[in-house]
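Reading through the structure tokens given below for one structure.
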Amino acid sequence: MAGNPNYTSLISSTLDAFMKEKLTSSVIGNNALLKTLQNKGKIVHETGGKSFVENIAYASNTTVQFQDPTDLLDTTPQEEFTSAVFSQKMLTGTETISQKELLQNRGKAQIFNLLEGKRKNLLDSLKNAVGSALFGDGTGSSGLTIGGLQLLVADDPTTGTVGGIDRSTNTFWRNQVYDFSTSAGGNASATNIQAGMNSLYLSCQVQEGAFPDLILADRNYFTFFENSLQQIQRITTTGEGKLGFEQLAYKSSQVVYDPSCPENHMYFLNTDYVKFQHLTDSLFDKGETQRPINQLYYVTPVYMYGNLTISSARVHGVAKN
């Protein structure tokens, strides 16, 4: 028995509208990192290719020099660029509606309520999956997850490979680290959190005019920082830059609490050197609504091909115990 074409069309068309109005905007709007990247035009739609590629300047141009007008120009060939290659990761979900559920909700309003409830559940699940993956190390689901901040801004940046570049032999591809247990003689606290942040902030300024603009913290570190401030200092940013999250101001950066951030961690990011690249036209796309020939339900796949990428490692840092 073929599926009811009216049901198929209704499910598909309303999911189209839902995706345009809510899905992508809600996933991005629920995450401080993605929202910042969106505001900077750093959520990038790539039109093809087998990988996401970032061009990296790893050395200075040695031909730059002061000279006498009669001196010869230095024309030494330069090899100051290389490329980091990031895998394209796939995140999927499905909206599944049984024939029985449709028959039990025959009225148009009832069907829309049923679809709305299922889509809210799908949306919440996608938000949680993306939020967790952005802080992961890329090893989840047997290495199929996004390479998140624990990979790109690592606790130990002297080991491992990121974007095909070995950090053990390429010092230019290492992020900054401030370890409270060694640099401050103990764990982070409200007493020493600002000193650690000051040190790491300066360490991240290894390129002219490049400094962190977004600091993501777990509950402990965010609380330490908040408690270290006088009441008059406890201000959030306002205007167009306001993210809509629990946040405080630190120098030129926004400090944002993110529940997915690993315990006792604080990430200093220069988002000029971070992208979220994806292949789908919008962040998420959907497949065709179909009814399996031997089962009484309708299924619509939702999917994304994307990954978090960086074009510099030295401008980012992590504070930890």
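The values are calculated or read from the model by the stated rules, or taken from the named source; none is laboratory data. On a predicted model such as this, the values are computed, not experimentally measured, just so you know. Neighbour counts are summed over all protein chains in view; Cβ atoms, including those assigned to glycine, are modelled from backbone coordinates with ideal geometry.
Where residues in region 195-206 are of a type in the set (S, T, N, Q) and surrounded by 15 or more Cβ atoms within 10 Å (Cβ to Cβ), which of them is nearest to D218 (Cα to Cα)? Quick ask: steps written out before the conclusion?
Within region 195-206, the subset of a type in the set (S, T, N, Q) is 198-199, 203, 205.
Filter once more, keeping what is surrounded by 15 or more Cβ atoms within 10 Å (Cβ to Cβ): 199, 203, 205.
Working: S199: 19, S203: 21, Q205: 23 Å.
Filtering first and then ranking leaves S199.
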Number of the condition not met by I293 [criteria: (1) within 20 Å of the chain's Cα centre (by Cα); (2) assigned to a loop (DSSP other than H, G, I, E, B); (3) of a type in the set (A, V, I, L, M)]: (1)
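Hey, could you check region 26-73 for residues that are surrounded by 15 or more Cβ atoms within 10 Å (Cβ to Cβ) and among the polar types (S, T, N, Q) and say which is farthest from A129 (Cα to Cα)? Quick ask: steps written out before the conclusion?
Restricting attention to region 26-73, the residues satisfying the condition of being surrounded by 15 or more Cβ atoms within 10 Å (Cβ to Cβ) are 26-38, 42-43, 46, 51-54, 56, 58.
Now restrict to residues that are among the polar types (S, T, N, Q): 26, 30-31, 36, 38, 51.
Numbers: S26: 13, N30: 12, N31: 11, T36: 19, Q38: 19, S51: 22 Å.
Only one residue tops the list, namely S51.
Looking at the structure I just gave you, is L279 farther than 30 Å from K50 by Cβ, surrounded by fewer than 21 Cβ atoms within 10 Å (Cβ to Cβ) and touching a residue at least 40 places away in the same chain (Cβ under 8 Å)? It would help to see each step written out before you state the result.
Numbers: farther than 30 Å from K50 by Cβ: no; surrounded by fewer than 21 Cβ atoms within 10 Å (Cβ to Cβ): yes; touching a residue at least 40 places away in the same chain (Cβ under 8 Å): yes.
For L279, the condition - farther than 30 Å from K50 by Cβ, surrounded by fewer than 21 Cβ atoms within 10 Å (Cβ to Cβ) and touching a residue at least 40 places away in the same chain (Cβ under 8 Å) - is not met.
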Residue ID - modelled with the lowest pLDDT, chosen from residues in region 81-130 that are farther than 21 Å from D16 by Cβ and among the basic types (K, R): R106
Restricted to region 194-210 and to residues being free of Cβ contacts under 8 Å to residues at least 40 places away in the same chain and either in contact with a Leu (Cβ under 9 Å, 6 or more places away or on another chain) or outside any loop (DSSP other than H, G, I, E, B) (or both), the residue farthest from Q230 (Cα to Cα) is L202
In region 186-227, anything modelled with pLDDT of 95 or more and of a type in the set (G, A, S) is listed as A188, S189, A190, A195, G196, S199, S203, A217
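Among the listed residues S253, S260, which satisfies the condition of being of a type in the set (S, T, N, Q), touching a Phe, Trp or Tyr at 6+ places or on another chain (Cβ under 7 Å), buried (at least 17 other Cβ atoms within 10 Å of the Cβ) and under 30 Å from Y201 (Cα atoms)?
Values: S253 fails: touching a Phe, Trp or Tyr at 6+ places or on another chain (Cβ under 7 Å).
On inspection, the qualifying residue turns out to be S260.
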Subset of region 138-155, residues surrounded by fewer than 22 Cβ atoms within 10 Å (Cβ to Cβ), assigned to a helix (DSSP H, G or I) and in contact (Cβ under 8 Å) with a residue 12 or more places away in the chain, comes to Q150, L151
Please specify each residue of region 89-115 satisfying the condition of being surrounded by fewer than 12 Cβ atoms within 10 Å (Cβ to Cβ) and among the small types (G, A, S). G107, A109
Out of the residues in region 244-269 that are in a loop (DSSP other than H, G, I, E, B) and in contact with a strand residue (DSSP E or B) (Cβ under 8 Å, 6 or more places away or on another chain), state the one that is nearest to L229 (Cα to Cα). E246
Does T76 qualify as being more than 20 Å from A17 (Cβ to Cβ), touching a residue at least 12 places away in the same chain (Cβ under 8 Å) and exposed (fewer than 11 other Cβ atoms within 10 Å of the Cβ)? yes
Restrict the check to region 310-321 and report whether at least one residue is part of a loop (DSSP other than H, G, I, E, B), free of Cβ contacts under 8 Å to residues at least 40 places away in the same chain, over 20 Å from L115 (Cβ atoms) and of a type outside the set (D, E). no
Name the pairs: first residue in region 112-137 and closer than 14 Å to L308 by Cβ, second residue among the hydrophobic types (A, V, I, L, M, F, W, C) and assigned to a helix (DSSP H, G or I), Cβ to Cβ under 6 Å, at least 6 apart or on different chains? V130/V27; L134/L33; F135/L149; D137/L151
Any idea which of (1) modelled with pLDDT of 95 or more; (2) over 15 Å from the mean Cα position of the chain (by Cα); (3) part of a helix (DSSP H, G or I) is the one D272 doesn't satisfy? (2)
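When the residues of region 156-193 are filtered to those that are touching a residue at least 12 places away in the same chain (Cβ under 8 Å) and assigned to a helix (DSSP H, G or I), which remaining residue is surrounded by the most Cβ atoms within 10 Å (Cβ to Cβ)?
Taking region 156-193 as the starting set, the residues that turn out to be touching a residue at least 12 places away in the same chain (Cβ under 8 Å) are 156-158, 162-165, 167, 170, 172-181, 183-184, 187-193.
This time we only want the ones that are assigned to a helix (DSSP H, G or I), so: 172-173, 180-181, 183, 193.
Values: F172: 15, W173: 23, F180: 22, S181: 12, S183: 15, I193: 25.
The extreme case among them is I193.
On the basis of being among the aromatic types (F, W, Y) and over 20 Å from N128 (Cα atoms), does Y267 make the cut? So that I can check it myself, show each step before the final result.
On the way: among the aromatic types (F, W, Y): yes; over 20 Å from N128 (Cα atoms): no.
When the stated conditions are applied, Y267 does not pass them.
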